[in-house]
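Written out below as C-alpha cells is the structure these notes cover.
Just so it is clear, none of the values below were taken in a lab; they were calculated from the coordinates. The structure presented is a predicted model; accordingly, all values stated were derived computationally and were not measured. Reconstructed Cβ throughout: ideal geometry from the backbone, glycine too, with neighbour counts over all protein chains shown.
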Amino acid sequence: MLQAARYLLGSPGASGFGSKSTAEEVTAACPDLGSLTAIITGATSGIGAETARVLAKRGARVVIPARSVKAAEDMRARILAECPGADVLVLHLDLSSLASVRAFARRFLSLGLPLHLLINNAGKFSHGQLALSEDGVEMTFATNYLGHFLLTKLLLGRMVETAAATGVQGRIVNVSSSVHGWFSGDWADYLQLVTRRKM
C-alpha cells in the first residue's frame, strides 16, 4: 500500500523518475536516439502518443501501428509539424485480430528495418459489454493480451538480430493499467467471459 501511495504521489524510484516524470525528462540524458527503431502500439493518443512524439523528437525512427490508419496519419502529421525531419512510419494493425497481427509482423519484417524498442502500449476496455474479436475471443483480452503476446513473439527474432548486429540490447516495454484491480476473487471465475467456448 505504501509503495502504491508513493507511486501515485510521483515519488522517484530507483531510476530517479516517478509517475509524475515526463517523457521529455526521462529522455533528456539521451538526446540523440537516431540509431534506434521503435514500434509503439496505441501511439495515436495518450501515453503512446507522447512516447512516439518524444522518441521521434530525440531522433528515433518511430513505427506507429494502428487500427485506424487515419488516426495514425494524424499523429504522424503532428509529430512532423514539431519535428520536420522525424522518421515516422504508419502501418495498419488491429491487435484484436491475430491475422492482422501476423500481417503487420510480416509487413514490418519485410522492410528489413532493425528493431530496438517494442512498446506494447495499446489497450482497450469493453466497459462491461461483451464483444468478441473475429477470433471469438473477448475483445479486451484479445487486444490487451493475446495480440501483444503474438506481436512480441513474432518480432522477438528481429530484436535479437538487431542486438547482435548493433551491440545495443533492445527493450520490450509492456504498459498496463490498474483495471485488473477492479476484480476480486478467483480469476478462474472470469475465464468463462474470455471465449465463446469458455476455455
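Here are the numbers for this structure:
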read-out: Most mobile of LEU95, LEU132, LEU115 in a GNM of the chain (Cα contacts under 10 Å); value: LEU132
read-out: Sum of side-chain charges, THR37 neighbourhood, beta-carbon under 10 Å (Lys, Arg +1; Asp, Glu -1); value: +1
read-out: Rounded to the nearest 20 debye, dipole of the chain from Cβ charges on Lys, Arg, Asp, Glu; value: 260
read-out: Fraction in percent of alpha-carbon pairs per bin - 5 Å, the stretch 10-49; value: 6, 16, 21, 25, 23, 8, 1
read-out: Nonlocal Lys pairs with alpha-carbon distance under 23 Å, the chain (8 or more apart, or different chains); value: 5
read-out: The chain - percent relative contact order, Cα under 8 Å, separation 6 or more; value: 17
read-out: For peptides 85-92, 11-18, 169-176, sequence by mean Cβ density within 10 Å, most packed first; value: 85-92, 169-176, 11-18
read-out: 10 Å binning of all Cα-Cα separations within the stretch 66-162, expressed as whole percents from 0 upward; value: 15, 41, 34, 10, 1
read-out: Rounded to whole Å, sorted largest first: equivalent-ellipsoid semi-axes of the stretch 12-83, Cα gyration tensor; value: 22, 14, 10
read-out: Cut-off 14 Å between beta-carbons: net charge of the residues surrounding SER68, Lys and Arg +1, Asp and Glu -1; value: +1
read-out: Among LEU33, LEU55, ALA43 the positive-end extreme of the charge dipole of the stretch 1-155 (Cβ point charges); value: LEU33
read-out: Expected 222 nm ellipticity per residue - DSSP helices of 4 or more, -39500 (n - 2.57), all of the chain, to 500; value: -11000 deg cm²/dmol
read-out: Estimated FRET transfer efficiency (SER21, ARG78; beta-carbon r; R0 25 Å; 0.05); value: 0.70
read-out: Student exercise, the stretch 55-157 dipole from Lys, Arg, Asp, Glu Cβ charges, in Debye to nearest 20; value: 300
read-out: Translational D in µm²/s for the chain (Stokes-Einstein at 25 °C, 0.890 mPa s, Kirkwood Rh from C-alpha pairs); value: 135
